[in-house]
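**Student:** A single structure is presented below for examination.
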Amino acid sequence: MWSDLKEDLARGIEKIKWVSVFVSDRLKTDIALFKLLEKITELERSKTSLYAEIGEKVYELSSAENPSNVYTHPEISRNLRDVTELDNKIEELKKQASAVSTPEG
């Protein structure tokens, strides 16, 4: 009877260890995924801010006495390059998030 109780207790402890390792690994994965998603959100906010700057500058240039070609304006060109860089970073982070959230197997 005592030996059965010891065996049952040992098996129960092993199961608890297995569950705790599983939960720990899952939490690590979820935390990594949340960090990536937060970074994506932050970059998208930056991109929205750049869009606003571009729009303001285009409006400013269009309402000037001598409107110029907005694509040749250095500030607008720089902001457009920055938007492209942010798009690339966002896509890379989305790929990483997809890889993190995909179960191994």
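The values are calculated or read from the model by the stated rules, or taken from the named source; none is laboratory data. Quick caveat: nothing in here was measured; it's all calculated off a predicted structure. Neighbour counts are summed over all protein chains in view; Cβ atoms, including those assigned to glycine, are modelled from backbone coordinates with ideal geometry.
**Student:** So which residues in segment 30-52 are modelled with pLDDT under 95 and either closer than 15 Å to Asp82 by Cα or among the small types (Gly, Ala, Ser) (or both), if there are any at all?
**Tutor:** Ala32
**Student:** Just checking, which of Ala52, Ala99 is under 23 Å from Lys35 (Cβ atoms), part of a helix (DSSP H, G or I) and among the small types (Gly, Ala, Ser)?
**Tutor:** Result of the check over Ala52, Ala99: Ala99.
**Student:** Which of the numbered conditions does Asn66 fail, given that it passes all the others? Conditions: (1) closer than 30 Å to Ala97 by Cβ; (2) exposed (fewer than 10 other Cβ atoms within 10 Å of the Cβ); (3) not β-branched (Val, Ile, Thr).
**Tutor:** (1)
Rundown of residues vs (1) without any contact (Cβ under 8 Å) to a residue 12 or more places away in the chain; (2) exposed (fewer than 10 other Cβ atoms within 10 Å of the Cβ); (3) under 30 Å from Glu104 (Cβ atoms); (4) among the small types (Gly, Ala, Ser), yes/no style:
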{"position": "Met1", "(1), (2), (3), (4)": "yes, yes, no, no"}
{"position": "Glu7", "(1), (2), (3), (4)": "yes, no, no, no"}
{"position": "Val23", "(1), (2), (3), (4)": "yes, no, yes, no"}
{"position": "Lys28", "(1), (2), (3), (4)": "yes, no, yes, no"}
{"position": "Ile40", "(1), (2), (3), (4)": "no, no, yes, no"}
{"position": "Lys57", "(1), (2), (3), (4)": "no, no, no, no"}
{"position": "Glu60", "(1), (2), (3), (4)": "yes, no, no, no"}
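**Student:** Another question, if that's okay. Test Trp18 against the criterion of being more than 30 Å from Glu85 (Cα to Cα) and surrounded by 10 or more Cβ atoms within 10 Å (Cβ to Cβ), and give yes or no.
**Tutor:** yes
**Student:** A further question on this structure: Within the set of pairs 6 or more residues apart or between chains, which connect a residue that is touching a residue at least 12 places away in the same chain (Cβ under 8 Å) and among the small types (Gly, Ala, Ser) inside segment 79-105 to a residue that is surrounded by 13 or more Cβ atoms within 10 Å (Cβ to Cβ) and not in a loop (DSSP other than H, G, I, E, B) with Cβ atoms less than 8 Å apart?
**Tutor:** These pairs meet every condition: Ala97/Leu33; Ala97/Leu36; Ala97/Leu37; Ala97/Ile40; Ser101/Thr29; Ser101/Leu33.
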